[in-house]
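A.B. asks: To start, I am sharing the structure in question, which I have written as structure tokens.
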Amino acid sequence: MTGGQLFLETFFNPVVMARYLPDILKGMVVTIQIAACVIVTGIAAGLGLAVLRSLRLKAVNFVIIVCVDMARALPPLVIVLLVYFGLPNIGLTLPSFVVLWLVLSLVLAAFAEEVFWAGILSVRKGQWEAGRCTGLSDFQTLRWIVLPQAIRLTVPPLTNRTIAITKNTALGTVIGVPEILNQATTAQSFSGSATPLMMGALAYLVLFVPVVMVGRYIETRFAWRRA
Amino acid sequence: MSLSPSSSDPDRSADAPILDIRALRKSYGTVEVLKGIDLKVARQELVFIIGPSGSGKSTFLRCMNRLEEPSDGSIFVDGIDLLHPKTDINAMRQRIGMVFQSFNLYPHMTALGNVTLALRKVLGKSASEADAIGLAALERVGLAEKARAYPGQLSGGQQQRVAIARAIALEPKVMLFDEPTSALDPELAGSVLAVMRDLARDGMTMVVVSHEMRFARDAAHRVVFMEAGVVVEQGPPEQLFGPDAHPRVRAFLAEIAH
């Protein structure tokens with residue numbers, strides 16, 4: 001067997017591919033489901049926290065900052081393991097899908113909060129003053145004047161961060177969420193072939209290359225608008 | 001929208017001052033920038049505040065709608081105690097229009113959107129009602145045809161006129177102008193001053209902080225000269241711009257003349 005044949009046999013074995021394609025596809029569906037849930041709840045929670053922080057209540061902001069810094073500092077895998085294996089000890093057993101969803105939402109929320117907060121701060125003080133001078137309340141000023149401008153500024157960094165965190169759905173494999181990597185490693189151990197891992201990698205590419213491209217498009221479009 | 005009742009100054013007859021400020025003080029830390037200022041502004045009066053930079057005139061103006069929180073003293077607007085804790089400051093601010101040096105238009109909204117936002121969100125007008133009022137306000141500043149333009153598509157002078165329209169759409173009882181032409185080239189400033197002159201002629205009460213001395217001389221009913229946080233002299237323009245003005249006033253005017 002030549003080197004090329006060996007390579008193909010190892011990573012692109014057609015028999016193995018045919019055998020495990022349905023599993024990988026099922027894994028893709030699960031990955032998409034988790035990713036969609038994480039993006040929705042993570043960004044919504046991040047925005048909510050940034051809005052809460054803009055009320056400038058000292059005690060609340062202290063709690064937000066501490067939690068956000070911890071969620072940003074800890075490796076997501078550590079939080080996943082801690083929650084999945086720790087919570088049952090205090091009588092709370094959550095399905096692995098829910099654990100992954102909650103943990104990644106928390107991490108995305110932490111980063112999104114920082115991005116939104118930076119966006120809110122970057123809107124000039126005069127915008128707040130102009131709104132309040134026409135009788136708008138602080139919250140109305142935030143809602144109608146400051147946030148629309150802040151969010152426009154935050155789209156590019158938020159897109160990057162969202163992609164980075166969504167890829168962490170692969171961490172689900174360690175707690176048995178049947179997403180792409182989990183299906184691939186299971187198939188790999190049954191088949192003894194590396195082909196399912198390659199299929200998993202390709203599945204990630206199929207899912208995330210378009211997302212990266214959309215992210216780049218959004219980034220250039222918003223950068224152009226600002227100029 | 002209900003305003004809280006006046007706590008101690010129920011005098012709201014027609015000849016009562018629309019703005020009555022007494023012994024106003026403002027400190028930042030240990031630095032006192034306003035050292036007890038009294039000012040009464042009558043209905044339909046155009047009061048000009050002049051003075052060297054750092055004299056506290058902008059801070060004084062910004063206290064009049066509580067963009068800056070005064071440290072001491074009292075402010076009555078149309079007989080209502082602005083500093084009373086029960087006073088609804090948002091409701092009061094609709095009655096006190098403000099125009100800024102840097103325009104502060106909302107860049108993500110059209111000119112009409114800028115003018116109608118508070119009409120819709122504060123006064124609860126329907127979109128069509130707000131648009132009609134907004135267009136009328138833009139008409140008054142000569143920019144009805146720019147209603148659909150975004151601030152970035154307007155010149156500085158046009159932006160400032162939209163900012164004036166945004167304020168007058170709420171039918172304020174008094175308008176505050178904080179160096180409205182300082183960021184503008186002279187030819188653009190002219191269009192803003194023309195709008196201000198029209199407003200004054202229509203009987204709008206105005207307090208203007210500005211270095212436009214010619215405008216002050218022509219249009220103001222009263223000129224107030226501030227320096228180092230106090231009012232040094234006030235009176236009709238003929239007095240402050242005349243030979244018998246306070247020496248500090250004459251020194252200031254001589255200095256800015258060249």
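The values are calculated or read from the model by the stated rules, or taken from the named source; none is laboratory data. Just so it is clear, the structure is predicted and the values come from calculations on it, not from any experiment. Cβ: placed from backbone, ideal geometry, glycine included. Neighbour counts: every protein chain shown.
A.B. asks: Restricting the search to region A:52-83, which residues are free of Cβ contacts under 8 Å to residues at least 12 places away in the same chain and among the small types (Gly, Ala, Ser)?
C.D. replies: A:Ala59, A:Ala73
A.B. asks: Select from region A:103-133 the residues that are closer than 17 Å to A:Thr166 by Cβ and in contact with a Lys or Arg (Cβ under 6 Å, 6 or more places away or on another chain) and write down the one among them that is surrounded by the fewest Cβ atoms within 10 Å (Cβ to Cβ).
C.D. replies: By that ranking, first place goes to A:Phe111.
A.B. asks: May I ask you to verify whether A:Leu87 is at pLDDT below 95 and either within 30 Å of B:Asp88 (Cα to Cα) or touching a Phe, Trp or Tyr at 6+ places or on another chain (Cβ under 8 Å) (or both)? Break it down stepwise before answering.
C.D. replies: On the way: at pLDDT below 95: yes; either within 30 Å of B:Asp88 (Cα to Cα) or touching a Phe, Trp or Tyr at 6+ places or on another chain (Cβ under 8 Å) (or both): no.
Criteria not met by A:Leu87.
A.B. asks: Which residue, of B:Glu233, B:Glu212, is closer than 22 Å to B:Met98 by Cβ, touching a residue at least 12 places away in the same chain (Cβ under 8 Å) and surrounded by 15 or more Cβ atoms within 10 Å (Cβ to Cβ)? Talk me through it step by step, then tell me what you get.
C.D. replies: Working: B:Glu233 fails: closer than 22 Å to B:Met98 by Cβ.
On inspection, the qualifying residue turns out to be B:Glu212.
A.B. asks: Which one of A:Leu121, A:Leu52, A:Leu87 is assigned to a helix (DSSP H, G or I), closer than 30 Å to B:Phe100 by Cα, more than 22 Å from the chain's Cα centre (by Cα) and not basic (Lys, Arg)? If you could, list the steps in order and put the result at the bottom.
C.D. replies: Values: A:Leu52 fails: more than 22 Å from the chain's Cα centre (by Cα); A:Leu87 fails: closer than 30 Å to B:Phe100 by Cα.
Of the residues listed, the single one that is assigned to a helix (DSSP H, G or I), closer than 30 Å to B:Phe100 by Cα, more than 22 Å from the chain's Cα centre (by Cα) and not basic (Lys, Arg) is A:Leu121.
A.B. asks: I'm trying to understand the selection: among the residues of region B:148-178, which are surrounded by fewer than 20 Cβ atoms within 10 Å (Cβ to Cβ) and away from every other protein chain (no Cβ under 12 Å)? Talk me through it step by step, then tell me what you get.
C.D. replies: Of region B:148-178, the ones surrounded by fewer than 20 Cβ atoms within 10 Å (Cβ to Cβ) are B:148-150, B:152-156, B:171, B:173.
Listed by number, the residues that qualify are B:Arg148, B:Ala149, B:Gln153, B:Leu154, B:Ser155, B:Gly156, B:Lys173.
A.B. asks: Just the residues that are hydroxyl-bearing (Ser, Thr, Tyr) and more than 9 Å from chain A (Cβ to nearest Cβ), please, taken from region B:100-113. First the steps, then the outcome.
C.D. replies: Here is the first cut: in region B:100-113, the residues hydroxyl-bearing (Ser, Thr, Tyr) are B:102, B:106, B:110.
Scanning region B:100-113 gives a single hit, B:Thr110.
A.B. asks: Continuing with the same structure: State yes or no: is A:Thr166 in contact with a helix residue (DSSP H, G or I) (Cβ under 8 Å, 6 or more places away or on another chain), under 30 Å from A:Thr31 (Cβ atoms) and away from chain B (no Cβ under 14 Å)?
C.D. replies: On the way: in contact with a helix residue (DSSP H, G or I) (Cβ under 8 Å, 6 or more places away or on another chain): yes; under 30 Å from A:Thr31 (Cβ atoms): yes; away from chain B (no Cβ under 14 Å): yes.
Considered against the rule, which asks whether it is in contact with a helix residue (DSSP H, G or I) (Cβ under 8 Å, 6 or more places away or on another chain), under 30 Å from A:Thr31 (Cβ atoms) and away from chain B (no Cβ under 14 Å), A:Thr166 comes out as yes.
A.B. asks: Something else now. For region B:72-89, what are the residues that are in a strand (DSSP E or B) and closer than 29 Å to B:Leu193 by Cα? Working first, answer last.
C.D. replies: Within region B:72-89, the subset in a strand (DSSP E or B) is B:72-77, B:80-81.
B:Ile75, B:Phe76, B:Val77, listed by residue number.
A.B. asks: Name, by its number, the condition in (1) in contact with a strand residue (DSSP E or B) (Cβ under 9 Å, 6 or more places away or on another chain); (2) more than 20 Å from A:Trp128 (Cα to Cα) that does not hold for B:Phe177.
C.D. replies: (2)
A.B. asks: Do you know which residues across region B:175-218 are out of contact with any Pro (no Cβ under 9 Å at 6 or more places or on another chain), under 25 Å from B:Ala144 (Cβ atoms) and among the aliphatic types (A, V, I, L, M)?
C.D. replies: B:Met175, B:Leu176, B:Ala183, B:Leu184, B:Leu188, B:Ala194, B:Val195, B:Leu199, B:Ala200, B:Met206
A.B. asks: A further question follows. Among the residues in region A:63-82, are any touching a Gly at 6+ places or on another chain (Cβ under 8 Å), crowded, with 22+ Cβ neighbours inside 10 Å and over 14 Å from A:Leu171 (Cβ atoms)?
C.D. replies: No, every residue in region A:63-82 fails to be touching a Gly at 6+ places or on another chain (Cβ under 8 Å), crowded, with 22+ Cβ neighbours inside 10 Å and over 14 Å from A:Leu171 (Cβ atoms).
A.B. asks: Among (1) under 25 Å from B:Leu154 (Cα atoms); (2) among the hydrophobic types (A, V, I, L, M, F, W, C); (3) within 8 Å of another protein chain (Cβ to nearest Cβ); (4) touching a Ser or Thr at 6+ places or on another chain (Cβ under 8 Å), which single condition is B:Ala130 missing?
C.D. replies: Unmet for B:Ala130, out of (1) under 25 Å from B:Leu154 (Cα atoms); (2) among the hydrophobic types (A, V, I, L, M, F, W, C); (3) within 8 Å of another protein chain (Cβ to nearest Cβ); (4) touching a Ser or Thr at 6+ places or on another chain (Cβ under 8 Å): (3).
A.B. asks: Turning to a different aspect of this structure: Determine which member of the set B:Met226, B:Met206 is within 14 Å of the chain's Cα centre (by Cα), closer than 23 Å to B:Ile18 by Cα and not β-branched (Val, Ile, Thr).
C.D. replies: None of the others qualify; the one that does is B:Met206.
A.B. asks: Can you confirm whether region B:156-168 contains a residue that is farther than 16 Å from A:Gly135 by Cβ and among the small types (Gly, Ala, Ser)? Break it down into steps so the answer makes sense when it comes.
C.D. replies: Filtering region B:156-168 down to residues farther than 16 Å from A:Gly135 by Cβ leaves B:156-162, B:164.
Going one step further and asking which of them are among the small types (Gly, Ala, Ser), we end up with B:156-157.
For region B:156-168, residues farther than 16 Å from A:Gly135 by Cβ and among the small types (Gly, Ala, Ser): present.
A.B. asks: Would you mind stating whether A:Leu158 is farther than 27 Å from B:Cys63 by Cβ, within 14 Å of chain B (Cβ to nearest Cβ), out of contact with any Leu (no Cβ under 9 Å at 6 or more places or on another chain) and buried (at least 17 other Cβ atoms within 10 Å of the Cβ)?
C.D. replies: On the way: farther than 27 Å from B:Cys63 by Cβ: yes; within 14 Å of chain B (Cβ to nearest Cβ): no; out of contact with any Leu (no Cβ under 9 Å at 6 or more places or on another chain): yes; buried (at least 17 other Cβ atoms within 10 Å of the Cβ): yes.
Judged against the criteria, A:Leu158 is not a match.
A.B. asks: From the residues in region B:9-45 that are touching an Asp or Glu at 6+ places or on another chain (Cβ under 8 Å) and exposed (fewer than 14 other Cβ atoms within 10 Å of the Cβ), which one is modelled with the highest pLDDT?
C.D. replies: Across region B:9-45, the extreme among qualifying residues is B:Ala23.
A.B. asks: Find the residue count for region A:132-146, including only residues that are outside any loop (DSSP other than H, G, I, E, B) and either within 7 Å of chain B (Cβ to nearest Cβ) or in contact with a Phe, Trp or Tyr (Cβ under 7 Å, 6 or more places away or on another chain) (or both).
C.D. replies: Restricting attention to region A:132-146, the residues satisfying the condition of being outside any loop (DSSP other than H, G, I, E, B) are A:132-133, A:138-146.
Still in the running and either within 7 Å of chain B (Cβ to nearest Cβ) or in contact with a Phe, Trp or Tyr (Cβ under 7 Å, 6 or more places away or on another chain) (or both): A:132-133, A:140-141, A:144-146.
Residues in region A:132-146 being outside any loop (DSSP other than H, G, I, E, B) and either within 7 Å of chain B (Cβ to nearest Cβ) or in contact with a Phe, Trp or Tyr (Cβ under 7 Å, 6 or more places away or on another chain) (or both): 7 in total.
A.B. asks: Within region B:236-258, track down each residue that is β-branched (Val, Ile, Thr) and without any contact (Cβ under 8 Å) to a residue 40 or more places away in the chain. Don't jump to the end; show me each part of the working.
C.D. replies: Going through region B:236-258, the residues β-branched (Val, Ile, Thr) turn out to be B:249, B:256.
If the condition is that a residue be β-branched (Val, Ile, Thr) and without any contact (Cβ under 8 Å) to a residue 40 or more places away in the chain, then B:Val249 is the only one that fits.
Per-residue answers, yes or no, for (1) more than 8 Å from chain A (Cβ to nearest Cβ); (2) at pLDDT below 95; (3) in a loop (DSSP other than H, G, I, E, B):
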site: B:Val47; (1), (2), (3): yes, no, no
site: B:Ser53; (1), (2), (3): yes, yes, yes
site: B:Thr59; (1), (2), (3): yes, no, no
site: B:Pro70; (1), (2), (3): yes, no, yes
site: B:Ala91; (1), (2), (3): no, yes, no
site: B:Met98; (1), (2), (3): no, no, no
site: B:Ala118; (1), (2), (3): no, no, no
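A.B. asks: Evaluate region A:161-174: report whether one residue or more is hydroxyl-bearing (Ser, Thr, Tyr), modelled with pLDDT under 95, surrounded by 24 or more Cβ atoms within 10 Å (Cβ to Cβ) and on the phi < 0 side of the Ramachandran plot.
C.D. replies: Yes - at least one qualifying residue is present in region A:161-174.
A.B. asks: With the structure loaded, tell me whether A:Ala150 is within 13 Å of chain B (Cβ to nearest Cβ), modelled with pLDDT under 95 and out of contact with any Asp or Glu (no Cβ under 8 Å at 6 or more places or on another chain) or whether it fails that test. Write out each step before concluding.
C.D. replies: Values: within 13 Å of chain B (Cβ to nearest Cβ): yes; modelled with pLDDT under 95: yes; out of contact with any Asp or Glu (no Cβ under 8 Å at 6 or more places or on another chain): yes.
Answer is yes for this residue.
A.B. asks: Name the single residue that is surrounded by the fewest Cβ atoms within 10 Å (Cβ to Cβ) among those in region B:236-258 being among the hydrophobic types (A, V, I, L, M, F, W, C) and assigned to a helix (DSSP H, G or I). Before you say what the answer is, go through the steps one by one.
C.D. replies: The initial filter retains those residues of region B:236-258 that are among the hydrophobic types (A, V, I, L, M, F, W, C), namely B:240-241, B:245, B:249, B:251-254, B:256-257.
Within this subset, residues satisfying the condition of being assigned to a helix (DSSP H, G or I) are B:240, B:249, B:251-254, B:256-257.
Working: B:Leu240: 27, B:Val249: 23, B:Ala251: 12, B:Phe252: 21, B:Leu253: 15, B:Ala254: 9, B:Ile256: 10, B:Ala257: 7.
Among them, the one singled out is B:Ala257.
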